[in-house]
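First up is the structure itself, then whatever we jot down about it.
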Amino acid sequence: MGVRPTVVITDSDLDSDDDERVLREAGIATVRLEARTEDEVISGLSGVPADAIIVQWAPVTAAVLDAAAGCRFVSRLGIGYDMIDVAAATGRGVAVANTPDYCVDEVAAHTLAMALWLVRGLGRLDAAVRAGEWAAAAAYPAAARPADTVMGVVGRRRSGSTSSVMIRTPRPAAMRG
């Protein structure tokens, strides 16, 4: 029987037990590091025959790729390639991938939550409460009322298009003035 390929997971905020289990069931060995910096990744790779690297936040630089000379694949747990030196990987024959639909719905939901935070004046209210004041009524003339607010996320990419969400709360006729 040949040598099992090894996937090194440099770092991840996600619970990866299921992901690692799937890799192991496919005959792939996994090594999990707690490495967030270039030096930590290089140190963690010493003595590990990394055939592939999965990264969330740790940088995969030319120096990291040199430390993982047998690596042929790097994948980012995220939408962008910003943690990976794609030119260095390409020059070494290392394929690069990402997770194009990572947290798309969460980004749209968070965008709406932050927009509501702004239009409702929650920053001012939070600051007042933390200062020991309760002036909610005074803040409301400037705060948008949900019944009068239409919100949406519109964008050119996934977060604004595949997760488009609109909130519209119509006011009852008896309350319209």
For ARG92, all conditions in the list (1) touching a residue at least 12 places away in the same chain (Cβ under 8 Å); (2) within 25 Å of the chain's Cα centre (by Cα); (3) within 28 Å of ARG4 (Cα to Cα); (4) open to solvent by 80 Å² or more (accessible area, probe 1.4 Å) hold save one; what is the number of the exception? (2)
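Scan region 46-89 for residues that are in a strand (DSSP E or B) and closer than 18 Å to GLU34 by Cα and jot them down.
Within region 46-89, ALA52, ILE53, ILE54, VAL55, VAL60, VAL74, SER75, ARG76, ILE84 meet the criteria.
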Kindly provide the set of residues from region 90-129 that are basic (Lys, Arg), modelled with pLDDT of 90 or more and either touching a Pro at 6+ places or on another chain (Cβ under 9 Å) or in a helix (DSSP H, G or I) (or both), ordered by number. none
Give region 6-26 a look and list any residue that's assigned to a loop (DSSP other than H, G, I, E, B) and open to solvent by less than 60 Å² (accessible area, probe 1.4 Å), or say none. THR10, ASP11, SER12, SER16
Could you please let me know if VAL86 is open to solvent by 40 Å² or more (accessible area, probe 1.4 Å) and not aromatic (Phe, Trp, Tyr)? yes
Answer yes if at least one residue in region 64-87 is over 17 Å from THR6 (Cα atoms), in contact with an Asp or Glu (Cβ under 9 Å, 6 or more places away or on another chain) and not charged (D, E, K, R), and no otherwise. yes
When residues of region 27-64 are limited to those that are loosely packed, with under 15 Cβ neighbours inside 10 Å and among the acidic types (Asp, Glu), the one modelled with the highest pLDDT: ASP39
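The values are calculated or read from the model by the stated rules, or taken from the named source; none is laboratory data. Since the structure is predicted, the reported quantities are computational estimates derived from the model, not experimental observations. Because the Cβ atoms are built from the backbone with ideal geometry, glycine has one as well, and the counts that use them run over all protein chains shown. Note: accessible area is taken over every heavy atom of the protein model, side chains too, but ligands, DNA and RNA are not part of it. Shrake-Rupley method; radii C 1.70, N 1.55, O 1.52, S 1.80 Å.
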